[in-house]
Amino acid sequence: MDLDAFFCSVEENLNPDLRGKAFVVGGSPDGRGVVSSASYTARPFGVRSAMPTGRALRLCPGLIVVTPRHGAYGRESQRVMQILRDAAPVVEQISVDEAFLDVSDDPRPGEEIARSLRGAIDRSCRLPTSWGVASNKLVAKIATEVGKPRGLVVVPPGREAAFLAPLPIEMLWGIGPRTRERLQPLGLRTIGDLAQLSDSQLTEEFGPHGIDLAARARGEDDRPVEEGREARSMSSETTFARDVADGAILNAKLRELSDEVGARLREAGMAGTTVRLKLRWPDFTTLTRQVSLHQPTDQDGEIFAAARGLFERVWKPGRKVRLIGVGVANLGDRMRQLGLFDASWQQDGRLLAAIDAIRARYGREAVRRGARRGRGDGPEG
Ligand code: DCP
Ligand code: MG
């Protein structure tokens, strides 16, 4: 299952005037923001996720830009996921709006299960979803995409390769830009083109990885649907209106993004063991670094400390930064992990819960962290 134009659909429920209009949820074009989600009315103009908002506006004059409200999306995502968990014995959530369900023990046909859940989510959350029913995750995911929006595509067992064959090769999972560059000169356009190559051609072109690639192109996948195994993540990032080389500003932004990710994790009841830093330089090259923590965290201070440590290792004073981002990955349900935490963590947790409650009532600006001086807090150390 994957929600259709997820952030946009939530916004339409909050503001029905948006319904049927060309709009995106994303950052401001002045701030060089990017599109998070594009409404289906905007898509024929070529507007897509991850595209700079300025470019989206040029493609689609009159496009409405809505500022993201992550709290609302997190809450809606949780409601949808709960409906799925109530209905299926194993649910693997792979992103805020996507999940695999293992219904192999259910005597009903997969199509019937999907249809009934699509209706349930429509009725109780007023959100449109697309569904793919197949014998494995790879094919189910592609079937979901093929049917969008409000799709329900069933691939009967044994028909996996035939279903994939006519589809463009980019739809195959794990075909990144680098593999794609190699495919083009070979004249491979469809997934079927790839499936037809011989083992020797495959290893010659793609190395040992080539054999796996062809197996995937035939729709073979034996990964189980696993609860909470997938590295879910939550992140926040900012593209500066002008490139920033000032350590104090970068540090403050890092702090702000860490606080934001922490608040969203707590809102979703999740904690993670990996902290990631993302930096984009003015020439658009992007660097990501990550560090593993000993215990899962949803705490602003711990996230910031880890992100700052990473930042210090890769940033040299004076170097300009275009984008900065902080993320937490390897997420799990916090309640399950709570036993691991010590008393001081719980105290800090109570403080942050109080701050979250105040912010929820009076807005983000109501509580600001006081400036702290001391070791490790200044941009230059
Ligand atoms: N998202 C984001 N930045 C991206 C991609 C996605 O912030 N580059 C957010 C906004 C999306 C949500 O995650 O609404 C889900 O991502 P999807 O890729 O499923 O995109 P949509 O749900 O918006 O559209 P679709 O109907 O194609 O699934
Ligand atoms: Mg989606």
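Every number here is computed from the coordinates shown, using simple stated rules; none is lab data. Everything numeric here is computed off the predicted structure, so don't read it as measured data. So basically every Cβ, Gly included, is an ideal-geometry build from the backbone, and we count neighbours across all protein chains shown.
Summed over segment 19-35, residues that are in contact with a Cys (Cβ under 8 Å, 6 or more places away or on another chain) and either surrounded by fewer than 23 Cβ atoms within 10 Å (Cβ to Cβ) or in a helix (DSSP H, G or I) (or both) total 1.
Residues in segment 176-221 that are in a helix (DSSP H, G or I), of a type in the set (Lys, Arg) and surrounded by fewer than 18 Cβ atoms within 10 Å (Cβ to Cβ): Arg178, Arg180, Arg182.
Condition first: touching a residue at least 24 places away in the same chain (Cβ under 8 Å) and under 29 Å from Ile113 (Cα atoms). Can you find one or more residues in segment 25-37 that meet it? Checked against the condition, which is being touching a residue at least 24 places away in the same chain (Cβ under 8 Å) and under 29 Å from Ile113 (Cα atoms), segment 25-37 yields at least one hit. Output the number of the condition that Phe100 fails; it satisfies all remaining conditions of (1) away from ligand 1 (no atom under 12 Å from the Cβ); (2) surrounded by fewer than 19 Cβ atoms within 10 Å (Cβ to Cβ). Checking Phe100 against (1) away from ligand 1 (no atom under 12 Å from the Cβ); (2) surrounded by fewer than 19 Cβ atoms within 10 Å (Cβ to Cβ), the one that fails is (2).
Of all positions in segment 140-162, none carries a residue that is without any contact (Cβ under 8 Å) to a residue 60 or more places away in the chain, closer than 15 Å to Ala214 by Cα, touching a Lys or Arg at 6+ places or on another chain (Cβ under 8 Å) and within 16 Å of ligand 2 (Cβ to nearest atom).
A quick yes/no check of all residues on (1) surrounded by 16 or more Cβ atoms within 10 Å (Cβ to Cβ); (2) away from ligand 2 (no atom under 16 Å from the Cβ); (3) outside any helix (DSSP H, G or I):
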{"position": "Asp17", "(1), (2), (3)": "no, yes, no"}
{"position": "Ser37", "(1), (2), (3)": "yes, no, yes"}
{"position": "Arg58", "(1), (2), (3)": "no, yes, no"}
{"position": "Gly74", "(1), (2), (3)": "yes, no, no"}
{"position": "Met81", "(1), (2), (3)": "yes, no, no"}
{"position": "Asp86", "(1), (2), (3)": "no, yes, no"}
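Among the candidates Ser135, Ser116, the residue that is away from ligand 1 (no atom under 16 Å from the Cβ), of a type in the set (Gly, Ala, Ser) and not in a helix (DSSP H, G or I) is uniquely Ser135. Determine if segment 88-100 includes at least one residue that is of a type in the set (D, E, K, R) and at positive phi. The answer is no, given that none of the residues of segment 88-100 is of a type in the set (D, E, K, R) and at positive phi. If the condition is being in a strand (DSSP E or B) and more than 12 Å from ligand 1 (Cβ to nearest atom), then segment 60-72 contributes Ile64, Val65.
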